[in-house]
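Only the coordinates and a few stated rules stand behind these numbers; no lab work does. Keep in mind that what you see is a predicted model, and the values were worked out from it rather than measured. Ideal geometry is used to build each Cβ from the backbone, glycine not excepted, and the neighbour counts take in all protein chains shown.
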Amino acid sequence: MLNRLAHEESGFTLLELLIACQIVVILTAMAVPSYFQFRDNANQATAKTNLKEVAVAAGLYFTSKSTYASMTIPQLKQYDSSLTTTGTFVNNSGAEATGVTRRITMDASHYCVYSISGRWYAYQLNPNGPFVTTTVGANVCA
């Protein structure tokens, strides 16, 4: 009986364990880059969405004041209470994001608003300008 029990041991061999580990490593190597790309795309979309909110609030500000001069995010929040104040900026209003080096003069027909999410900057230069996304802060409001 003792001899029979010694031959009936069950379990995984070292080779089986190594193959299982390799499968896990391969699946992880495929999943991680997809996750980072998904997160990067989400950050870009968030920056664009926040910019659209700021641009709408800037339009309401202009309707009320007939100028963009001295416009700030706290003032825009009065026109759109749902406007996020984290990661949204009015260029040359005293609070700039890290990496943004250009300053523009705001007047009756010029402004630059932008938002940041992750590594993405989204900005609009002037009321009729396109929404532009970039990963380089120095290009904002260019």
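For n ≥ 4 DSSP H runs only, could you compute -39500 (n - 2.57) per run for the chain, divide by its residues and tell me the 222 nm figure to the nearest 500?
One gets -15500 deg cm²/dmol as the mean residue ellipticity at 222 nm.
Output the peptides 21-29, 106-114, 80-88 sorted from most to least packed, where packing is the average of other Cβ atoms within 10 Å over each peptide's residues. Intermediate values should be presented prior to the final figure.
Working: 21-29: 9.7, 106-114: 19.9, 80-88: 13.7.
My ranking of the peptides, most packed first, is 106-114, 80-88, 21-29.
Tell me, rounded to the nearest percent, the portion of alpha carbon pairs in the chain spaced more than 22 Å apart. Please list the in-between numbers first.
Numbers: 5122 of 10011 pairs.
Considering the chain, 51 percent of its Cα-Cα pairs are separated by more than 22 Å.
With charges set only on the Cβ (+1 for Lys and Arg, -1 for Asp and Glu), what does the dipole of the stretch 4-120 come to about its Cα centre, in debye to the nearest 20?
Working: 9 positive and 8 negative charges, 115 e Å.
Here the stretch 4-120 has a charge dipole of around 560 debye.
Please compute the contact order of the stretch 14-139 in relative form: average sequence separation of alpha-carbon pairs under 8 Å and at least six residues apart, divided by the residue count, as a percent.
Working: 176 pairs, mean separation 31.0, N = 126.
After rounding, I find 25 percent.
Can you give me the angle between helix 14-65 and the longest principal axis of the chain, using Cα atoms only, in degrees from 0 to 90, rounded to the nearest 10?
Helix 14-65 and the main axis of the chain meet at about 10 degrees.
With unit charges on the beta carbon (Lys/Arg positive, Asp/Glu negative), name the residue among A20, T85, V113 whose Cα is farthest towards the positive pole of the charge dipole of the chain.
V113
For the stretch 7-113, state which GluC sites (Glu not before Pro) are in a DSSP loop and have at most 14 other beta carbons lying within 10 Å of their beta carbon.
Working: sites: E8, E9, E16, E53, E96; in loops: E8, E9, E96.
Here the GluC sites (Glu not before Pro) that fit, given the DSSP loop and packing criteria, are E8, E9.
Contact order normalised by length for the stretch 48-116, with contacts defined as Cα pairs under 8 Å and 6 or more residues apart; what percent is it? All intermediate terms of the calculation are to be shown ahead of the outcome.
Values: 91 pairs, mean separation 25.5, N = 69.
For the stretch 48-116, the relative contact order is 37 percent.
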